[in-house]
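Please read the structure below before turning to the comments.
The values are calculated or read from the model by the stated rules, or taken from the named source; none is laboratory data. Worth saying up front: this structure is predicted, and the values here are computed from it rather than measured. Neighbour counts are summed over all protein chains in view; Cβ atoms, including those assigned to glycine, are modelled from backbone coordinates with ideal geometry.
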Amino acid sequence: MLNDLITILKHEYTVHPGEYFNVDTYWVKNMSEVKTVIIDQDHVFTKMVSFYPKNFVIYLEQFPDQSIYRTNFPLRKIENSDSHEVVFDEATKDVYEYLD
């Protein structure tokens, strides 16, 4: 299953030490909705995947010289901010999401 999951994570972002990377998850009402699995970890690297509501998935490989994030939806830098927002495919949105 993990290999299938990783193949759908087509959007890759590399972050080097000293750079800031944040994804604005405004649609998450409570962090208990996010499920994170640590795949492998030691004192040098971490590999983990997080599952968010609205079918957003982010996979992290963290090494001493860089971190690589892979997502199933593209991210867009928020203007005048250090954060990114998820660009959900408008065609797949549920009409009831607009009623929140």
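Just give me the residues in segment 11-63 being farther than 20 Å from Val87 by Cα and in contact with a Lys or Arg (Cβ under 6 Å, 6 or more places away or on another chain), in sequence order.
Ile39, Asp40, Glu61
Restricting the search to segment 25-37, which residues are assigned to a strand (DSSP E or B) and under 15 Å from Asn55 (Cα atoms)?
Going through segment 25-37, the residues assigned to a strand (DSSP E or B) turn out to be 35-37.
Within segment 25-37, Lys35, Thr36 meet the criteria.
Report yes if some residue within segment 44-54 is surrounded by 10 or more Cβ atoms within 10 Å (Cβ to Cβ), at pLDDT below 95, part of a loop (DSSP other than H, G, I, E, B) and over 16 Å from the mean Cα position of the chain (by Cα); otherwise report no.
For segment 44-54, residues surrounded by 10 or more Cβ atoms within 10 Å (Cβ to Cβ), at pLDDT below 95, part of a loop (DSSP other than H, G, I, E, B) and over 16 Å from the mean Cα position of the chain (by Cα): present.
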